[in-house]
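Chemist: The structure's right below; bear with me while I get my questions together.
Coordinate-derived values only; no laboratory data. Remember, it's a predicted structure, so these values are computed and weren't measured experimentally. In this analysis, Cβ positions are derived from the backbone assuming ideal geometry, glycine residues included, and neighbour counts consider all displayed protein chains.
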Amino acid sequence: MAKRSFLILGTAAAISAGCSVLIDVDGKQCEADADCATRGFANATCEQNLCVEKIAPVPGDGGAGGGGGDENPLICETPEPNDATTVKFSFAPGFAVAPADPKPFSVKVCVPLDPECEAPIIGPVDVNALEPYEFELPKAFNGFFQIENPDTRTGLYYMGRPVNQDTIGWNVTMPSDSTIMALGFAAGKQVHLELGVMIAVARDCNLVPLEGAVFENSELESTPDGLRFYFYQTMPDVNATKTGPQGAVGYANLPIGTATLGATAADGTPLTPVAVRLKAGGFVSFIEVFP
């Protein structure tokens, strides 16, 4: 039986009195099988806090949406064709540091040809912190979500690959300016708030984070003050050269505009580069990179 995994990966930050920063990029999805059923995957089991649904493979195929015939998680199969015109995508943003009186996030679904999201195809809709909301998206959606809250920066959550099947997405954690400044403090670098900020995760075909991946960003290399940090033990490490178990990387001080982000898995497999927009005026961009 092939396996299809569904992952909720959140980034939660907490600033202590000592100005250290804690970034939770694991985001447990489940504690027991019943948690997976609650999220809509009745046949899934909870394995290492990840909902894994066993799917009977198609003859000559490695299973819908998973690895190839040898179940290589870095060889992605095309989902089985069906007549559905929409897919479900569920996620919920969260606060890096929860305010005393938290307000819902206002979320809009935007298409690539509308970078300012002036004509969203869905929304705005109110989404409570860490209470997953189910969006009915056009099949093969490859746009982004714009996430707003008066107590955080505005988030731009880009799809790293077209959404072709029902998916539980990344519970992105929305930082404030003070959180971003604290990230820079923890990394030992100055952060310029007027420049671009991005958080990314490298994943395999089943959405599992890739340890040992190396991210590539040409915009960072051409920027004297550019800052990159991989996450290890929930802390930013500017001296690390590859991802830890969470598969996560952060960037700051990037030029405003479009950045192209790619990565290479630990075994040398290239992941598909993705174009991400970086905006001034209190934005943070999120992206997942896949094979």
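Chemist: State, to one decimal in nm, how far the label point of D151 lies from the label point of E136, with both points 7 Å from Cα in the Cβ direction.
Modeler: Result: 3.2 nm between the two label points.
Chemist: Find, among the GluC sites (Glu not before Pro) in segment 189-247, those assigned to loop by DSSP (not H, G, I, E, B) with at most 11 other beta-carbon atoms within 10 angstrom. Let's see the in-between values first.
Modeler: Working: sites: E194, E211, E216, E219, E221; in loops: E194, E211.
Listed in order of number, the matching sites are E194.
Chemist: Sticking with this structure for a sec: Select from segment 124-191 those trypsin sites (Lys or Arg not before Pro) which occupy a DSSP coil region and have at most 15 other Cβ atoms within 10 Å, ordered by residue number. Kindly include the intermediate steps, with their values, before the conclusion.
Modeler: Numbers: sites: K139, R153, K189; in loops: K139, R153, K189.
Those that pass, being in a loop and sparsely packed, are K139.
Chemist: Mind checking segment 85-181 for GluC sites (Glu not before Pro) that DSSP puts in a loop (not H, G, I, E or B) and that have at most 15 other Cβ atoms within 10 Å?
Modeler: Passing both the DSSP loop test and the Cβ count: E116, E118.
Chemist: If R0 is 25 Å, what FRET efficiency do you get for N128 and D35 from their C-beta distance, rounded to 0.05?
Modeler: 0.85
Chemist: So for the pair E80, E194, with labels modelled 7 Å out along Cα→Cβ, what separation do we get in nm?
Modeler: 5.6 nm
Chemist: Once you put a point 7 Å from the Cα of E211 and another 7 Å from the Cα of V238, both along the Cβ direction, what distance in nm separates them?
Modeler: In this crude label model, E211 to V238 measures out at 2.6 nm.
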